[in-house]
Amino acid sequence: MALTGPLTAAGSAYAAEPTVSGFTDVQWLLTNEADEDQEGQFSVPQVEVDVETDNLYVAIAGSDSDSFGVGQAYFMHNLNDAWQFRGGLFDSNITADAGAAVDMEFTQNSLLFGVLDSVGGAALTGVAVSGAVGPANVMVGYANDSSVTTGERKNSVALLVNATPMEGLDVEFGMLTQDKDGDGVGNLMDINGTYMINGFTVGLDYLSGADGDTGEFDNGYSFWGGYDFGNGFNVKARIESVSLVDGDDVDATELYASYALSENLAVALSLHNTDNGTTDFDTNTVEFVATS
């Protein structure tokens, strides 16, 4: 679930000496009906170097078309054995999808993550506390207004709660408040979950907005399933749809197969289709993700 990695509940053991890790994402665009001039081209859409100490996490990210910049940078302080306080720039982890290639279920980001990212809600600049409340992990953040607004700047509240109520089932609730004085879709609420049994995985993600203007996000869903054959090979499929206020729905599907060439290198084939009500196009990609 989203509340993993650097944003786990307090009490995680951080190394006394700096730990350096990272990844690179290499893609070969086989076909792109939206822009045939790009077909056959290689790209490196994501490169990231992560440095972590006992009280600091910094992720430096870039690509072949963009210079390196700060992806995340925050301090961490354990309030006690169960709760942690952090401040700086950090991922909100709202929606089931993620921004980093190593954390994504598919080659393409989900439509719901695209909505979140478009209003600045994928990453927050502020402070947060996280910890365990009974069987659940909870994160509460207070950050700069993530929506695109004019005039006086406001602040947003983020809430993320996830739990495993039974073996194989993970559920999560996320919320992000946004000031609506200017442009933006208003408050966002997300609920998602995955269920795994005997190599099969199914997942569902639902995101809703509020007070959206014409052409802006109203609500959407993403549904996916997959099977792990073992020996590093698995296949997945996803269908998703986003509804706009007084506008056409945007639908997408993706077929995905991946194979682990080694412990730190995987190759995947993605067959992706998008239908935005005006155009319908395919994007087919071979992807390599290497980690360190």
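Just so you know, all these numbers are worked out from the coordinates, no wet-lab data involved. As the structure is a prediction and not an experimental result, all values here were calculated from the model. Quick reminder, even Gly has a Cβ in these numbers, built from the backbone with ideal geometry, and neighbours come from all protein chains shown.
For region 226-292, applying the loop criterion from DSSP together with a ceiling of 14 other beta carbons within 10 Å to the GluC sites (Glu not before Pro) yields 263.
Neighbour counting of Cβ atoms within 10 Å sorts the residues 176, 159, fewest neighbours leading, into 159, 176.
The GluC sites (Glu not before Pro) of region 68-174 meeting both criteria, a DSSP state outside H, G, I, E and B (loop) and at most 15 other C-beta atoms within 10 angstrom of the site's C-beta, are 152, 167. For region 5-291, relative contact order (Cα pairs under 8 Å, six or more residues apart, normalised by length) works out to 14 percent. Under the convention that each Lys and Arg Cβ holds +1 and each Asp and Glu Cβ holds -1, the size of the dipole of region 5-291 around its Cα centre is about 1120 debye. Taking Cα centroids, how far is region 257-292 from region 14-77 in Å? Cα centroid of region 257-292 versus Cα centroid of region 14-77: 16 Å apart. Anisotropy class assigned to region 6-143 is prolate, per the alpha carbon gyration tensor with a/c at or over the 1.5 cut-off and a/b larger than b/c. Counting beta carbons within 10 Å around each of 154, 236 and listing the fewest first gives the order 154, 236.
Values (1) 62, 45, 33; (2) 91, 61, 38; (3) 52, 48, 43 are given for comparison; Cα extents along the principal axes in Å, derived from the coordinates here, is the one labelled (3).
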